[in-house]
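The values are calculated or read from the model by the stated rules, or taken from the named source; none is laboratory data. Because the structure is a prediction, the values reported are computed rather than measured. Note that each Cβ is placed from the backbone with ideal geometry, even for glycine, and that neighbours are counted across all protein chains shown.
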Amino acid sequence: MKQIALDIGLPTGPTLDGFMPGPNQEVWQHLRLWLGKDNAAARSPVPTYIWGDSGSGKSHLLRAIKDALIARGERVGWLDPNADDGVEFSPAWSAVFMDDVHAYSAVQQHMAFNWFVNAASGPDGRPRSVLAAGRWPPADLLIRDDLRSRLGWGHVFHLKVLDESERAQVLRQQAHDRGIHLTSEVVDFLLTRFSRDLSTLSLLLDQLDQYGLQTQRAVTIPLVRAMIESQ
């Protein structure tokens, strides 16, 4: 059955608490400890690299931590395949994020390496932390050697995709947190008819919550169909 990938707005950003670790407890705990150090100078300068298949939650984790630092008033650098080329490393950054490194262009690889060098040395003598993510482990990345070696010398974690029961558990928990009751039939419908990416499913729950409040109806399969047809 063909799955539907919704093009819906982002009402809430990703959070670390909103990520269900499942088989990824090790990396989740590592990032919780990393984020818990609210003093940027006390954060470990050893880089962290996360790899895994599409839909495993790599970008969710990086964006969640980035947003948490910004909410604290920190400034950070962010690089992904859609970012502008030629952005110089800023001494004002307390951390550097590199997402989807496997898809970087030659120019972006040069930028990433430059950021790594500056983050390690620190223009003011204080190293900056680096959090990066890609589709494959460092050794399998088809990127320049010096960047590949830097991505692999620190903490490296394999992020595994949640299985069907774990995804269903995430949906039920997120629905419960929103005050939504989801029957098993609705959960199965959402998991089989829509993109199984958890970020997309989370956004879908937000829309269903809003649509249910507007129409004063419970979240059922007919409500889901009606919402999609109304878009």
Could you say whether any residue in region 219-231 is in contact with a strand residue (DSSP E or B) (Cβ under 8 Å, 6 or more places away or on another chain) and over 30 Å from Pro45 (Cβ atoms)?
-> yes
Condition set over 23 Å from Pro127 (Cβ atoms) and not in a loop (DSSP other than H, G, I, E, B), scope region 4-45, selection modelled with the highest pLDDT: answer is Glu26
Considering residues of region 76-105 that are at pLDDT 95 or above and β-branched (Val, Ile, Thr) only, the residue surrounded by the most Cβ atoms within 10 Å (Cβ to Cβ) = Val101
Selection within region 69-87 - touching a Lys or Arg at 6+ places or on another chain (Cβ under 9 Å) and farther than 18 Å from Val101 by Cβ = Leu69
Given (1) over 26 Å from Gly57 (Cβ atoms); (2) touching a Ser or Thr at 6+ places or on another chain (Cβ under 7 Å), where does Lys160 come up short, assuming only one miss?
-> (1)
Filtered residue count, region 97-125, keeping only those that are hydroxyl-bearing (Ser, Thr, Tyr) and either in contact with an Asp or Glu (Cβ under 7 Å, 6 or more places away or on another chain) or without any contact (Cβ under 8 Å) to a residue 12 or more places away in the chain (or both) = 1
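To keep it simple, each residue is scored yes or no on (1) closer than 25 Å to Glu26 by Cα; (2) surrounded by fewer than 17 Cβ atoms within 10 Å (Cβ to Cβ); (3) within 22 Å of the chain's Cα centre (by Cα).
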{"residue": "Gly134", "(1), (2), (3)": "yes, no, yes"}
{"residue": "Arg144", "(1), (2), (3)": "no, yes, no"}
{"residue": "Arg148", "(1), (2), (3)": "yes, no, yes"}
{"residue": "Leu151", "(1), (2), (3)": "yes, no, yes"}
{"residue": "Leu159", "(1), (2), (3)": "yes, no, yes"}
{"residue": "Ile180", "(1), (2), (3)": "no, no, no"}
Is at least one residue of region 106-114 surrounded by fewer than 19 Cβ atoms within 10 Å (Cβ to Cβ), in contact with a Gly (Cβ under 7 Å, 6 or more places away or on another chain) and either polar (S, T, N, Q) or in a helix (DSSP H, G or I) (or both)?
-> no
